[in-house]
Amino acid sequence: MKVVLEHLTKVFTNKKQKSEVRAVDDLNIEIPDGKLIGLLGPSGCGKSTTLYMISGLQEPTSGRIHFDDADVTDLAPEKRGIGLVFQNYALYPHMTVAQNIMFPLISAKMKKKDAILRAYETAKIVQIDNLMDRKPSELSGGQQQRVAIARALVKSPNVLLLDEPLSNLDARLRLQTREEIKRIQRETGVTTIFVTHDQEEAMSISDYIVVMKLGVMQQVGKPQDVYDDPVNLFVANFLGTPPINIFKGYIKDKGVYIDEERVLDTELADQEVYVGIRPEGFVVDPNGAFTCHIDHIEVMGRDISIVSTHEASTKPTIRSIVDSLTEMPREGDVKFNLRPQKVHLFDIQTEKRLK
Ligand code: ATP
C-alpha cells in the first residue's frame, strides 16, 4: 500500500507557558508500495510524531494522510490496518508467545482455531515458532522483539510502523535483527516505515531514507544517493561513520583553498565556502597539496584510519580512511590528495550544497 503525506503538520501548544513546538512542519512524502523507508534524524526532529500521525495515535494540526487512494486522516487507528512496534516491545508478561501473537486476532473476534493457525504462520516468518509456549520473561531481547513484530504482522497490516525497534538490543543483536527486519519486510512485502536516529541502521536496511531536522524534511532518496549528494551541510554531517570532515575554505580563481593550500579545481565563482571531505576522500600522496599533522593511526584490518589535525578544520580532529595495502603512512605529517567526488562545497551562509 502506498502512503502519501500531504503538508502534514503537528504543532504542540503549551497554554500555560504560551509556547509552541512545531514538531512536524509541512511534511510532503510519497512512500511507494512495498518499500522500507527509514525516517532518520536527531532526537526531537519529529520522527515519532510523524509515525504516530500515520498510525492515528496523534491527530495532525493540518495536512492529510492517504493510504493508496483513501484519505485516512480522520480514521481511528484500529481502522487503518496498521501494525505498530515500539521501542519497548510491550508484550503481555502473563501471556505465552502464542497468546501474545494471537491477541489482536482474538480481540477482532476471530475463531480461536483460525487464530492459532494464523499465529503459527506468522511466527514461522519471524522464526520463533519453536518458542510459542514460553513467556516473554523466558526470551532474549531479540526474541521478544520478533514476538512484537509477529504480533504487529499477524493481522496482515497495510503498513508496518516501527519506532526505534532495535534500541534495547546490544550491538551484535542489533546488527542481526536489522537484517532480520529487512528479510521479513521483503518476504511479506508490507510497506514499512522505520524510525531511528541511527544513520548506519537506516542506511543499511532502507530502500529510501527521509532525513529530518527540527520537524522539517531535509532530503529523501536512496541511502547511497543521499550520502553521495547531500543537499546541505546538516545532511552531509548526519550521514557517514566516521563523519564528514568540515573545513572553512574559499574559492579563488577556479581553485578551492583550505588554509592557503589549493586543494582542488572548481568551476564555481570566488567566495567563502565550507569544504566537506568524506573520510574516504583522502589519498595519501607525498606530493599532495593538503598537509595534516598525524595524531595517531588506527589499524582496522584492511582499512586504516588516520586521525590528524588541521587548523582550518571546524572539528578538533580529521578522520581519513585509507587502504592499508597501498597507503600505509608514517607518523608525523601526512600529505593528501583529494578525490573530487568525495568533496562537497557548501554556502557559508545558507549551508546549502554548491556542487
Ligand atoms: P526521539 O528520537 O528523541 O524520540 P523524535 O525525532 O521522535 O525524537 P518527537 O518525539 O517526534 O521527536 O518530538 C518532536 C518535538 O515535539 C520535540 O521537540 C518534542 O519535545 C515535541 N513533542 C513531542 N510530543 C509532545 C507533546 N505531547 N507535547 C509537547 N511537545 C511534544
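Computed from the coordinates by the stated procedures, all read-outs in this text should not be read as laboratory data. Quick caveat: nothing in here was measured; it's all calculated off a predicted structure. A quick note on method: Cβ atoms are made from the backbone with ideal geometry, for glycine too, and the neighbour counts reach across all protein chains shown.
Worth a mention:
- Choice from 73, 196, 241 with maximal GNM fluctuation in the chain (Cα, 10 Å cutoff): 241
- For residue 111, the aspartates and glutamates whose Cα falls under 18 Å of its own Cα, not counting residues fewer than eight places away in the same chain, are 121.
- The chain: angle of helix 141-153 to the longest principal axis, Cα-based, in degrees nearest 10: 60 degrees
- The amide H of residue 219, built 1.01 Å from its N in the peptide plane, has 211 as neighbours under 5 Å, considering only residues 5 or more places off or on other chains.
- At R0 = 41 Å, FRET efficiency that the Cβ-Cβ distance of residue 307 and residue 19 yields, to 0.05: 0.45
- Taking a sphere under 9 Å around the Cβ of residue 104 and counting the other residues whose Cβ falls inside, with K and R at +1 and D and E at -1, yields a net charge of +2.
- Formal net charge of residues neighbouring residue 44 (Cβ-Cβ distance under 14 Å; K, R +1; D, E -1): +2
- Using the Cβ of residue 310 as centre and a radius below 14 Å, the other residues enclosed give a net charge of -2, where K and R count +1 and D and E count -1.
- Whole-Hz couplings from phi, Karplus 6.51/-1.76/1.60, listed for the range 261-267; x for Gly and Pro: 9, 7, 9, 6, 8, 8, 9
- Restraint check, 222/248; 222/342; 248/342; 109/135, Cα-Cα greater than 20 Å: 222/248; 109/135
- Candidate cross-link partners of residue 10 among the lysines, defined by an alpha-carbon separation under 17 Å and a same-chain spacing of 8 or more, comprise 18, 47, 213.
- Close amide H partners of residue 160, meaning residues 5 or more places away or on another chain with modelled amide H under 5 Å apart, are 83, 191, 192, 193.
- Estimated vicinal HN-Hα couplings, Hz - the range 70-85 in sequence order (Karplus 6.51, -1.76, 1.60; Gly, Pro = x): 8, 7, 9, 3, 9, 7, 5, x, 5, 9, 8, x, 10, x, 10, 10
- Counting only residues at least eight positions apart within a chain, or on another chain, the aspartates and glutamates with an alpha carbon under 16 Å from that of residue 2 are 30, 33, 68, 69, 71, 207.
- Lys/Arg +1, Asp/Glu -1 at C-beta; the chain dipole; positive extreme among 258, 159, 308: 159
- Of 15, 222, 254, the one that fluctuates the most in a GNM where the chain has Cα springs shorter than 10 Å: 15
- In sequence order, the range 14-28 has phi-based couplings of 10, 5, 4, 8, 6, 10, 9, 10, 8, 5, 9, 10, 6, 8, 10 Hz under the Karplus curve 6.51 cos²θ - 1.76 cosθ + 1.60, θ = phi - 60°, and Gly or Pro positions carry x.
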